[in-house]
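Right, one structure below, let's go through it.
All of the numbers you see were taken from the coordinates with simple rules; none came from a lab. Since this is a predicted model, take the numbers as computed values, not measurements. No Cβ is skipped: glycine too gets one built from the backbone with ideal geometry, and neighbour counts run over all protein chains shown.
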Amino acid sequence: MAKVVLTAVLLLSCAHYPSVLCLSEFTRDDFPADFVFGAATSAFQYEGAWAEDGKSPSIWDTFTHEGWAGRNTPDVASDGYHKYKGDIKLMSDTGLEAYRFSISWPRLLPNGRGPVNPKGLEYYNNVINEIIKFGIQPHVTLHHLDVPQVLQDEYGGWLSPKIIDDFKELADVCFKEFGDRVTHWTTINQPNINSFGSYDYGFFPPCRCSNPYGITFMGDSVNCTKGNSTVEPYITAHNYLLAHSAAVELYRNKYQTIQKGQIGINIYTIGFSPLTNSAEDAMAAGRARDFLIGWFLNPIFFGDYPEMIKTNAGSRLPSFTYSESQKLKGSCDFIGMNYYYSLYVADDSSIPKTGLRDANSDMFAKFTAFKDVPPVSQLRPPTQISHDFESLRKMLNYLKDTYRNPPIYIHENGYGLKFIDSMNDVGRISFLSGFIGSVLQSIRDGIDVRGYFVWTFIDGYELLAGYASRFGFYHVNFEDSEHERTPRLSAHWYRNFLRNGTAIKVQINDNFCSKARSSD
């Protein structure tokens, strides 16, 4: 999950905790009764069965079969396609109140449009029914990275406005077939990261970039033989936004009154702070927030891109028609956010003010995880990540102040075990405890946070890390044909918190604690 893309994958880094100066204690009962605690997976990373029962390949299937992403494939992944019943029983045993998962577009619509795959339809109906049987609330994401390869081959996927109608058709099938039981819909997962990763840096499929903007990631150099990093991130982001608004318009006009659900979008977020007290660094941090968050949320809340992006990108940034702007404005009932870490931001005066730049360079910023580490010119995966618990509270306050306190679900927050596949994952427990404490304090700040989902419930295929990084409460034995599940210490800890009322004791930094005391 750090580059301004850092998809929830670059979370495979070392843990770092702020200095511990005070203790906070809370239980599940300290949260509102209608607040939901859950965990998440995504179809591509969990289901497996990549070519089974009529499913067609996605661009990620193609990518991983080429041998670059993690040097292995998710053909089986967690084998959730066959083992979902047992996994949902584990969710109930763990005390999950909600489960977030995604629909595989090429499993449901193998041609990207047209005839529905009956086996795919049966699978998702069975999953939803099983979730509800155990009293768990389903939260469904329509699109989580896995574009059907047939649409990529036909017209370039998200590079073409043709995908807007095809995505709307996917949404229509899902609302029609599942909307009688699903009341929480997310249109697209972290499109901001996808535009950077797929079309600027080139390390996500379809791996498009142009020199010198491609990067070296996990020891592999991106070969920028196709793409244009100066314009394609902006084009794809534009199409993501229009596809989102088309799906929301469809849901509100045709389904929402009857089904009484909610629909929103998911954004990847990073806590940005100025590296120094200088005005230049403060403005750089603001630009970083505009590019990571405002790029998508400003059109959704206000109908247009931030002025800074319009100025810095110039004619490379597509514009909305009046009708498109009006449809975008207000096109979400909630924000879903993924949050893992924070970074410091410094102004980068070395980037030329004239000539072509990529979207990353348009920020005129450089980033670092810690103040004593020299900033780098790109928001690339850091060797260490700052797990500053207060940074999540700051981000939530930023969203409240900037976008008029919208309802927020934290869709992903998690801690990966890289190469050390421990069952005694005390580091993960400390990580999750601190951020859950930050969520509670944010609610006490008056922020409308309605749910928290851990990434992830069960070990899966972690995109660019493959099986080398483990985020699950439940360990999966990927070496065994049965893919046996075994609870880690964190699974017992989460169960005790949710089902048994056990208190979480959180050690957090003094600044956070002093603020918590003053608002209690």
(message) Going by amide H atoms built from the backbone, whose H comes under 5 Å of the H on GLY414, apart from near neighbours?
(response) TRP455
(message) Can you sort GLU130, GLU25, GLU47 from fewest to most other Cβ atoms within 10 Å of each residue's own Cβ?
(response) GLU25, GLU130, GLU47
(request) When a/c is below 1.5 the answer is rounded, else prolate if a/b is larger than b/c, else oblate, so apply that to the stretch 169-319 with a ≥ b ≥ c taken from the square roots of the Cα gyration tensor eigenvalues. (result) prolate
(request) Could I get the Rg over Rh figure for the stretch 91-168? Both from C-alpha atoms, Rh via Kirkwood, rounded to two places. (result) 1.07
(request) Would you work out which of SER350, VAL449, ALA243 lies farthest towards the positive end of the dipole of the chain? Charges go on Cβ: Lys and Arg +1, Asp and Glu -1. (result) VAL449
(message) As a test of the formula, what do you get for the chain when each DSSP H run with n ≥ 4 contributes -39,500 (n - 2.57) and the sum is divided by the residue count, at 222 nm and rounded to the nearest 500 deg cm²/dmol?
(response) -11000 deg cm²/dmol
(request) Provide the per-residue ³J(HN,Hα) series for the stretch 425-439, in order, calculated from phi with Karplus coefficients 6.51, -1.76, 1.60 and θ = phi - 60°, each as a whole number of Hz, with x at glycine and proline positions. (result) 8, 5, x, 5, 4, 5, 4, 5, 4, x, 6, 5, x, 5, 5
(request) Have a look at TYR340, ALA284, PHE301 and report the one farthest towards the positive end of the charge dipole of the stretch 242-357, computed about the Cα centre with Cβ charges (Lys/Arg +1, Asp/Glu -1). (result) PHE301
(request) Taking the Cβ of each residue in VAL140, VAL345, VAL222 as the centre, tally the other Cβ atoms inside 10 Å and list the residues starting with the fewest. (result) VAL222, VAL140, VAL345
(request) Please give the peptides 250-261, 437-448 ranked by average Cβ packing (other Cβ atoms within 10 Å per residue), highest first, as a rough proxy for protection. (result) 437-448, 250-261
(message) Please give the charge dipole size of the chain, origin at the Cα centre, charges +1 on K and R Cβ atoms and -1 on D and E Cβ atoms. Round to the nearest 20 debye.
(response) 760
(message) For the stretch 334-377, what are Rg and Dmax over the alpha carbons, in angstrom?
(response) 13.4, 38
(request) Counting only DSSP beta bridges with both residues in the chain, tell me the antiparallel percent, nearest 5. (result) 35
(request) Once you have the Cα-Cα distance between THR276 and SER350, take 0.36 nm times their residue separation minus that, and quote the gain in nm to one decimal. (result) 24.9 nm
(request) Among SER58, GLY437, THR225, flag the residue with its Cα farthest along the positive direction of the charge dipole of the chain, charges on Cβ as +1 for Lys/Arg and -1 for Asp/Glu. (result) GLY437
(message) Going by amide H atoms built from the backbone, whose H comes under 5 Å of the H on GLN137, apart from near neighbours?
(response) ALA98, TYR99
(request) For the stretch 33-489, compute Rh as the Kirkwood radius over C-alpha pairs and then the Stokes-Einstein diffusion coefficient at 20 °C and 1.002 mPa s; write the answer in µm²/s, rounded to an integer. (result) 96
